[in-house]
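Quick notes on the structure that follows.
The values are calculated or read from the model by the stated rules, or taken from the named source; none is laboratory data. Everything numeric in this text was worked out from a predicted model, so none of it was measured. Methodologically, a virtual Cβ is constructed for each residue, glycine included, from the backbone with ideal geometry; neighbour enumeration extends over all protein chains shown. Quick note on the areas: whole protein, heavy atoms, side chains included, nothing else; ligands and nucleic acids left out. Shrake-Rupley method; radii C 1.70, N 1.55, O 1.52, S 1.80 Å.
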Amino acid sequence: MAGLSFCGNNVTKNAYSVDTGMLNNGCFVDALNLVPHVFLLFITFPILFIGWGSQSSKVQIHHNTWLHFPGHNLRWILTFTLLFVHVCEIAEGIVSNKQMDTNHLHLFMPAFMGFIAATTSVVYYHNIETSNFPKLLLALFIYWVLAFITKSIKLWKFAEYGVGVLHLRFCITALLVVLYGLLMAVEINVIRVRRYVFFANPQKVKPPEDLQDLGVRFLQPFVNLLSKATYWWMNPLIIGAHKRPIELKKIGKLPIAMRALTNYLKLKDAYEDQRNAEDPEKAPSIWRSMYRAFGRPILLSSTFRYLADLLGFAGPLCIYGIVEHLNKKPVKEGSVYFMSSNELLQNTSVLAVLLFLALVLQRTFLQASYYVTIETGINLRGALLAMIYNKILRLSTSNMSMGEMTLGQINNLVAIETNQLMWFLFLCPNLWAMPVQIVMGVILLYYLLGTSALIGASVIVLLAPVQYLIATKLADTQKSTLDQSTERLKKTTEILKGIKLLKLYAWENIFCDSVEDTRGKELTSLRTFALYTSMSIFMNAAIPIAAVLVTFVSHALINKSKPSSSEAFAALALFHILVTPLFLLSTVVRFAVKAMVSVQKLGEFLQSDEIGDDSWRNGDMSVSLEACKKHPGTTKAINRKQPLLYQMDNYEQPARRPLRPNETEDVAVKVNGGFFTWGSNLSTLSDINICIPTGQLTMIVGQVGCGKSSLLLAMLGEMQTLSGKVYWSKLPVSEMLHEANSKNRYSVGYATQKSWLLNATVEDNITFGSPFNKQRYKTVIDACSLQPDVDLLPFGDQTEIGERGINLSGGQRQRICVARALYQNTNIVFLDDPFSALDIHLSDHLMQEGILKFLQDDKRTVVLVTHKLQYLIHADWIIAMKDGSVLREGTLKDIQTHDVELYEHWKTLMNRQDQELEKDTEIDNCQTALERKTLRRAFYSREAKNQVDDDEEEEEEEEEEDDNMSTTTSRRSKIPWRVCWQYLSSGGFLMVFLMVFSKLLKHSVMVAIDYWLAEWTANGDVNGTANDDAGLPDSYYVPVFIILCGAGIALCLITSLTVEFLGLSAATNLHHNLLNKIIHAPIRFFDVTPLGQILNRFSADTNIIDQHHNFKFSLSLPLTILSVSLCQDYLGAVIVLYYAFRLCFHIVQTFFIFSLRDLQDLDDSTQLPLLCHFSETAEGLTTIRAFRHESRFKQKMLELTDTNNTAYLFLSAANRWLEVRTDYLGAVIVLTAAVASIWSSGKNLPSSMVGLGLTYALTVTNYLNWVVRNLADLEVQMAAVKKVNSFLSTESENYEGSMDTTQVPEDWPQHGEIKIQDLCVRYDPLLKPVLKHVNAYINPGQKVGICGRTGSGKSSLSLAFFNMVDVFEGRIIIDGIDICKLPLQTLRSRLSIILQDPVLFSGSIRFNLDPERTCTDDRLWEALEIAQLKNMVKALSGGLDAVVTEGGENFSVGQRQLFCLARAFVRKSSILIMDEATASIDMATENVLQKVVMTAFADRTVVTIAHRVHTILEADLVIVMKRGNILEIDKPETLLENEDGMFASFVRADM
């Protein structure tokens, strides 16, 4: 027993004597201290075991039981402190014990038991808390009381015996007394609040609202402190990820405090509070509102940050201590030994443990600080998005149309500016933590090395401004790069939207060059960017080397002595610490600058004009009181069982409303003396006095651009009112009550001219948030004849028509918009030219079934803008407009009697025969059968394309992620190394070689520097004996050291430059190839690939490739080097351990990478709908506001934001999860390295090597994180490269042709003779042909009309002339040359075409008419004159150089169409093809045009594809097509004679 006696067995003094009284025997007091600990263990263990036993059945208690008792966090903090003090006590006991002759267990045994008891107490508490059974806390209460009493006795005895503050044991005991006292107080507080004992009525407590909601899965705010610090609650999620991908369901909802709405209200209150009465114009400061709303968490995070930074200095100090005191032997003593605090800190083993604890704590605090800022940043972003969205809903329309606020700007606000602010918040605590860190570091260095340290630090400080300068330059270049790339994106978007036109006019190269031009400017900025970036990286790598060099060389010169190895390595570690804040400083400054810009943009946006407050829409101003009295209690019964067939008694004017509306009928909308403008104080509409009669059909007619659409918008309150009033009538009170359910009162069903669809299903687009009523839905679908289209869609009306409704034709999109307006239960319906994209049958059907029957039966007020004058007879009220004012208003009868001229004018235009619309059954049948081949074509081809893709995918399965098979493990790929290789090789082989070589060399030199330092300092202190080499003077070491450092700095420069420029050249090549591939892809490619997807490659992916070439392949190198440096024979143990950790690390990586990728995908996939929702809203503002659906859209936005924020929060929490774990791993590595070096120090290991090993071990912890992080980043970047590469494999069109350009005559085609021989055409080799064996002959100069139903192949024929489609049989011969043999450029540049959709590009009018700059001004004016535009263009400022905004938005649709005509006239080609070019032009203008075309093109061949048959009655030849075949071909007169013919039936229908 001699070895292990409790009180020691010193023979001279009897340790067990109690002569002087029990409590005066120190050993007995220590034994007394054991009692509470043992008591606690005895009581709690059975309870815990029983508890665990019952709990194992229901392993996952649902989290609504996680109720925190009062003082929860305080208790955890106190317990952790207690544990730390116990560790100190144990250490002190063991060290003191070593100082004595025999073992005294009582010195450390009670402390050890106390440690176990404290751990038990917290486990026990946690279990009681989860099972919410507070009565059991009594045991803890008793334990704290007992422990407090026993410790107090011990302290009292110490004081009695004169053991004071100088002795460590006294301090520890005092601390323990305080801690036990505090814990006792916490326990009493729980009793006071919860009253679970000693009180009659225990308090019932409900868990927080979030936890009652099972959907909330983000538990960070609710778990206990330990779980919060280590993210333990994420384990199931992350470990489960590699079996089953993480889906949106798995991450659930956000807790209430983090939802966008909560934070929006916080921010909005802070923002609005700043508006003061004295100065209402002054904009509130966004910074201040952000501080008020989110200041507190930022302060908390900064506190954590300070703690972490201060603990960070423990590392170098511990290294110093360990190396310093490595070989000191203790001196033995007899009696009970009391040591001073200083002595404990000189014990190397204690220092190793302290180092470990400090590292763990430092990392925990650091991660906590990161987490808090990220959470705050996410909250801020949610709030900002909601603010921006609310503002968008109130933006004035004139802002949008005058181009002050483009969609691009709004998208940037949402996608870029909010993120910049979020990132700024992430980095915010660094701003104030860094200076403190730097100052502390310099002070410590001075303490270690004296003045030379200051000289070294001054290098760092002096170079800091340079770094700052580089950082600001970086920010500037990044800004200019951003501007350039926005410009490039704008051009690319225009190209992609108008790609069909560009190909048909053979202009793709001109536009391609203009993009390349912008790209060139962008690359120049990027080059500067790359240069500055590499300088910045170089500075970060070189500064520490330079500092170390200066410090040690100056130390050798000043002190004439070597630094000891302990000082040297502590200083080295300190320099490593100092680099981080300096490195970050530049980044933070850059982000601060960006954040300022973002805030400025946001401020401007939030201050921009809003739409007027439209109280009149809410019926505040009543128009006719008499009208209200007239309806004592009539309700509108919606009777749809027997729709009355409305018979027309008299075509001239319907007889059912003989009285003038303004006498008896009430008025729905009335405008008095209205002058309205689109923002530029010139009134667009002047002197408007109109009234819209309730429950009747009002038509607005007039020429192109006379302000018809503007009038509707003015009534909706979208235009700025200069003067005048718009009144909306109130409904009678009695009706209001009944109406509350049936109709949404003040919303207006509104169908715009430019159709606007949501990214949603067809059904959602039509119901638009109203409840689904099957009967009504079916009626609406039939009225708009959408059924056949719906049947063609792959999933019927559940098909997503997304991406701006890309996959539908103009007519289909328009009909869906009209259907939306009809379906909504609104009293008033505004239809803006709903017939413009429809052919005659569809328009008639819509007019009869939809407008006359469906709407009028419902007594709804309808306002219809139209060019189809033949419908005027149906109108109850007509408003004729001219040049922005009302020409006439009244019934058709009034106009007939009062304004004969106008009436006659209309009459001639209508050219109408008085007979009922005969719908031949035959026509009807073929209509449904024949309907809309285009759609089928698009979808069929989409499926075909998907099949092709799948085939390709299977070949690449090894490294390809197939998205559709996410449940299987095939998507679980590692980093696609093949893609990495493709990326690097596109940068050029020389650069790759240079990069790899210089990196390797650089790292070898770095290690050499440190090793040399170790050798140099080791010299001074190998146990004080003079070895042979100890005599080597400094003059031997210094030059080598200087040379090595110089080489290191030079290599840093070379590597940073090569990496940056390698990335840049790769980016240049990738974008160039991508652009060329896509612009020259066949038109088919654009039909099947959504525009958004292509744009993404040019925006997001190109951006990633451009700006992030940080290929840190090198980061695995420090790890290998580390193992080399630790390969000193003595540290074999560390190597073994190191590989053990590699293994652990690998496991973490395997679990983590899966969940990271899933969460990253979720973040991306949830971000897209959010951005889409914003741009959708901005595009459809007028519609949303007319329908009054703002609140529904806000709700959707909040949901989308929350979903995205949830994904992002989980992503950042997962990152914290990993970093905490790698940090702890790193701490363990440091511990093992320290312990191993201490053990082996006996074997004559030079202490300098120990120092080197420890310094490296410290840096490893940082590197571990970096490596994981960079692998994850690398994946993101490689994904971008892979996406771009997937487009690079598209086939281009064959531009060459088999003929040489020289063989084609200069003036070909001279005559314009066209022979079509046995022509077969298809869109894709996988699809059925759309034209089958077509034969036709067109004489030079003939005017040919082609007609046929939608989808009969008319447009395909026009595309065949340009070789845009796959002509797989037969040929087209123009003037003796087979067009398939011609080079495409030649062919397309010699023909002209006018397309159905008018496409204008931003630029000048001149650029739009003649981008090649080949024509004279006279020629351009002549073309404009032909197109009836000359006067309008002359009136514009700048004439031909007047500005055209994006998409030609500053002209009306009709005017745009006329510009497109002018564009075709400019190119004096002998063949002109017009593809339904007059669809959105009024009849008057159209008739003029027809005449002009006949005269101006008298000697040329004109092929017109017609919607309105009457436009081709004058033609020389008519071709009637059906299902890809020619049905009839002859002169129109001949065809009309055949009564049963298709053409004749068309003409009858059109009349």
Checklist entry - Each residue of the range 148-153 in order: what ³J(HN,Hα) in whole Hz does its phi give by Karplus 6.51 cos²θ - 1.76 cosθ + 1.60, θ = phi - 60°, with x for Gly and Pro? => result 4, 5, 4, 5, 4, 4
Item to check | D (Stokes-Einstein, µm²/s), Kirkwood Cα radius, the range 500-571, 1.306 mPa s at 10 °C | outcome: 93 µm²/s
Next on the checklist: Could you give the length gained by full extension between Asp894 and Leu909, i.e. 0.36 nm per residue of separation minus their alpha carbon distance, to one decimal place?
Outcome noted: 3.5 nm
Checklist outcome for this item: With the range 374-524 reduced to its Cα atoms and the Debye formula applied, log10 I(q)/I(0) at q = 0.08, 0.09 1/Å amounts to -0.47, -0.56
Item to check | Accessible-area ranking of Cys1460, Cys1415, largest first, probe 1.4 Å | outcome: Cys1415, Cys1460
Item to check | Alpha carbon Rg of the range 459-615, scaled by the compact-globule rule 2.2 N^0.38 Å | outcome: 1.68
Checklist entry - Counting other Cβ atoms within 10 Å of each Cβ, which trypsin sites (Lys or Arg not before Pro) in the range 483-556 have at most 10 and sit in a DSSP loop? => result none
Item to check | Placed amide H near Val863: partners under 5 Å, 5+ positions off or other chain | outcome: Thr698, Val829, Phe830, Leu831
Item to check | Cross-link pairs beyond the 30 Å C-alpha cut-off, checked among Lys594/Lys1194; Lys868/Lys1196; Lys98/Lys560 | outcome: Lys868/Lys1196; Lys98/Lys560
Checklist entry - What are the principal axis extents of the Cα atoms in the range 1027-1106, in Å, biggest first? => result 83, 18, 16
Next on the checklist: Please give me, ordered by residue number, the chymotrypsin sites (Phe, Trp or Tyr not before Pro) of the range 1264-1348 that lie in loop per DSSP and have at most 16 other Cβ atoms within 10 Å.
Outcome noted: Tyr1295
Checklist entry - Using the Karplus equation 6.51 cos²θ - 1.76 cosθ + 1.60 (θ = phi - 60°), what ³J(HN,Hα) coupling, rounded to whole Hz, does each residue of the range 1230-1237 give in order, writing x for Gly and Pro? => result 4, 4, 4, 4, 5, 4, 4, 5
Next on the checklist: Please list, in order along the range 185-192, the HN-Hα scalar couplings obtained from phi with the Karplus expression 6.51 cos²θ - 1.76 cosθ + 1.60 (θ = phi - 60°), rounded to whole Hz, x for Gly and Pro.
Outcome noted: 4, 4, 4, 4, 4, 4, 4, 4
Checklist entry - Under 20 Å from the 7 Å Cα→Cβ point of Arg1192, by amide nitrogen: which residues of the range 814-839? => result 814-832
Item to check | Ser458/Leu1171 FRET efficiency (R0 60 Å; Cβ-Cβ; nearest 0.05) | outcome: 0.80
Item to check | Approximate spin-label separation Met596-Trp1266, in nm, with each point projected 7 Å along Cα-to-Cβ | outcome: 3.1 nm
Checklist entry - What does the charge count near Tyr271 come to, summing +1 for each Lys or Arg and -1 for each Asp or Glu among other residues with Cβ under 14 Å from its Cβ? => result +4
Item to check | Cα-Cα pairs of the range 1320-1374 separated by more than 13 Å (percent) | outcome: 62 percent
Next on the checklist: Given bins 5 angstrom wide, list per bin the percent of all Cα-Cα distances in the range 779-888, short to long.
Outcome noted: 2, 11, 21, 23, 17, 14, 7, 3, 1, 0
Checklist entry - For the range 1367-1485, what is the largest minus smallest coordinate of the Cα atoms on each principal axis, given in angstrom and ordered from greatest to least? => result 50, 31, 25
Checklist outcome for this item: With 0.36 nm assigned to each residue of separation and the Cα-Cα distance removed, Ile1083 to Phe80 gains 354.3 nm
Checklist entry - Out of residues 5 or more away from Asn825 or on other chains, whose amide H comes under 5 Å of its own, with H placed 1.01 Å from N in the peptide plane? => result Asn744
Checklist entry - Between Ala283 and Leu310, what is the label-to-label distance in nm when each label sits 7 Å out along the Cα-to-Cβ direction? => result 4.1 nm
Checklist entry - How long is the range 1223-1363 along each principal axis, judged by its Cα atoms, biggest number first, in Å? => result 107, 40, 21
Item to check | Residues with amide H under 5 Å from that of Arg217, placed H, sequence gap 5 or more | outcome: Lys253
Checklist outcome for this item: For the pair Ile47 and Trp1239, the simple spin-label estimate (label points 7 Å beyond Cα toward Cβ) gives in nm 4.1 nm
